[in-house]
1. Out of the residues in the range A:279-292 that are surrounded by fewer than 23 Cβ atoms within 10 Å (Cβ to Cβ) and touching a strand residue (DSSP E or B) at 6+ places or on another chain (Cβ under 7 Å), state the one that is nearest to A:Gly155 (Cα to Cα).
2. Would you mind finding the one in B:Arg56, B:Arg17 that is at pLDDT 95 or above and closer than 25 Å to A:Gln65 by Cα?
3. Here are the criteria: (1) over 21 Å from the mean Cα position of the chain (by Cα); (2) within 26 Å of A:Ala346 (Cβ to Cβ). Tell me which single one A:Ala275 does not satisfy.
4. If A:Trp59 satisfies every condition in (1) outside any strand (DSSP E or B); (2) more than 14 Å from chain B (Cβ to nearest Cβ) but one, which is the exception?
5. Is it true that A:Pro141 is within 18 Å of the chain's Cα centre (by Cα), assigned to a loop (DSSP other than H, G, I, E, B) and farther than 20 Å from A:Val250 by Cα?
6. Which residues, taken from the range A:1-39, are of a type in the set (A, V, I, L, M, F, W, C), under 15 Å from A:Ile355 (Cα atoms) and not in a loop (DSSP other than H, G, I, E, B)?
7. Return the total of residues in the range A:321-365 being closer than 18 Å to A:Gly13 by Cβ, of a type in the set (Asp, Glu) and assigned to a loop (DSSP other than H, G, I, E, B).
8. Is it the case, given these coordinates, that A:Trp92 is within 14 Å of chain B (Cβ to nearest Cβ) and on the phi < 0 side of the Ramachandran plot?
Amino acid sequence: MSGVRVLVGTRKGAFILAADGARRNWEVSGPHFGGWEMYHVTGSPADPNRLYASQSSGWFGQLIQRSDDGGRSWQPVGNEFAYTGEVGDHLWYDGTPRPWEFKRIWHLEPSPDDPDTVYAGAEDAALFRSTDGGGSWQELPGLRTHESGPGWQPGAGGMCLHTIILDPVNRDRIFVAISAAGAFRTDDGGTTWQPINRGLVSQQLPDPDAEVGHCVHRLAMHPSRPDVLFMQKHWDVMRSDDAGGSWREVSGDLPTDFGFPIAVHAHEPETIYVAPITSDSEHYPPEGKLRVYRSRTGGNEWEPLTTGLPQANCYVNVLRDAMAVDTLDPCGIYFGTTGGQVYGSADGGDSWAPIVRDLPAVLSVEVQALP
Amino acid sequence: MIRVRLPAHLTHLAQVRGEIRLDVVGPITQRLVLDALEARYPMLRGTIRDHQTGRRRPFVRFYACEEDLSNESPDAPLPDRVVTGEEPFLVIGAMAGG
């Protein structure tokens, strides 16, 4: 590998951080799309020069940008996200029915083998797909029109489809997560979907183990073991060994099991990372100490990773799409904060250093290993 | 010839500098001007008017001749001084938060 490229989406633009394989000296470019909210910037696994970016604004709506040269130049592509058929209603915060209304794209997930195929997760929750490099988008309506859909209710951040995992072995299988509906799986390429929330317990729900309604914050999978899923829920870190058929809690000895991102080491499928946050009412690290926690046992037993991270007076958050791992050896891990720092570790989390310190609030972090 | 001014975000998106000048034929209305604008700059589609409804996005305003035309019918005639090119048609991002 010749190097890595870290793609950072922030509240006020996108930034690209590049380094060679040592990952010590970084070049920073940006802001790209200055002033716009960049919910997600990501690259195609099939062509690292093909990037997609979700660009949005409360004033001017949603745009999708595409780069074919690794982020040196960009072109706006299709931005029409139309729900298919009868739109229907979901529940609003006050419990009244409200028509589905497109607001923005939270997450883009390119196909592992076709640079022109990319999935997009929307608020209000829906899954879209483009097979022409983002030129046009078609909804996979079986998810939104699931029989439980009229009962879905937004989380505090909106009713967003924020996680999309394409099964690398079974190409008809896709996992998604929605706040606050829960996790869902399709086994037929997106035509039909089933909730996969058995084992989740959320005391915020009138029925704590309901089939849907859980505020899932993030899912993660190691590509070598597509039946093993890890979840950071609103509260609780969870694990499934049967592709979401059932979940068990693996929060173990974490200081708090509230948080947003969760990630899996690139070469060790039982090594996982979370960024514990004090609580749902205090969105900052416990004791003002920014600590990533690592489990080498697939959960339950956790160790704090603190070297190079601020251990006093730190009150930032780490959002759900703002942690990523590279595939170099040793594995690199990166995360961004709402305080505008992007931290990187080139040794699997043993030590950290800020790559940049003063960006706008970081919404997403992705990393590409470059050939 | 109709003069149109865009907010900074949209001039960057359309990669234009300063005012845009559009040759528009027919009774000059807001709809006709925006149709012509989007035809020349397709990347603006969906940013001023909602894709699905065709209506002005909530935080976009249309001003001309010191008047707020945002809530006028899209098919109402624009002021004569806009039609003659004496005054520009202004697309504005509303003052609303950071």
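The values are calculated or read from the model by the stated rules, or taken from the named source; none is laboratory data. Just so we're clear, the structure is a prediction, and the values are computed from it rather than from any experiment. Neighbour counts run over all protein chains shown; Cβ positions are idealised from the backbone, glycine included.
1. At the first step, the residues of the range A:279-292 found to be surrounded by fewer than 23 Cβ atoms within 10 Å (Cβ to Cβ) are A:279-284, A:286-289, A:291.
Next, from what is left, pick out any that are touching a strand residue (DSSP E or B) at 6+ places or on another chain (Cβ under 7 Å): A:279-280, A:283-284, A:286, A:291.
Values: A:Ser279: 15, A:Asp280: 12, A:His283: 15, A:Tyr284: 18, A:Pro286: 23, A:Arg291: 25 Å.
Taking the candidates together, the pick is A:Asp280.
2. Values: B:Arg17 fails: at pLDDT 95 or above.
The match here is B:Arg56.
3. Only one criterion in (1) over 21 Å from the mean Cα position of the chain (by Cα); (2) within 26 Å of A:Ala346 (Cβ to Cβ) is unmet by A:Ala275, namely (1).
4. In the conditions (1) outside any strand (DSSP E or B); (2) more than 14 Å from chain B (Cβ to nearest Cβ), A:Trp59 misses (2) alone.
5. On the way: within 18 Å of the chain's Cα centre (by Cα): no; assigned to a loop (DSSP other than H, G, I, E, B): yes; farther than 20 Å from A:Val250 by Cα: yes.
Taking the combined requirement at face value, the residue does not satisfy it.
6. Initial filter on the range A:1-39 (of a type in the set (A, V, I, L, M, F, W, C)): A:1, A:4, A:6-8, A:14-19, A:22, A:26, A:28, A:33, A:36, A:38.
Next, from what is left, pick out any that are under 15 Å from A:Ile355 (Cα atoms): A:4, A:6-8, A:14-19, A:22, A:26, A:28.
Correct list: A:Val4, A:Val6, A:Leu7, A:Val8, A:Ala14, A:Phe15, A:Ile16, A:Leu17, A:Ala18, A:Ala19, A:Val28.
7. 1
8. On the way: within 14 Å of chain B (Cβ to nearest Cβ): no; on the phi < 0 side of the Ramachandran plot: yes.
Taking the combined requirement at face value, the residue does not satisfy it.
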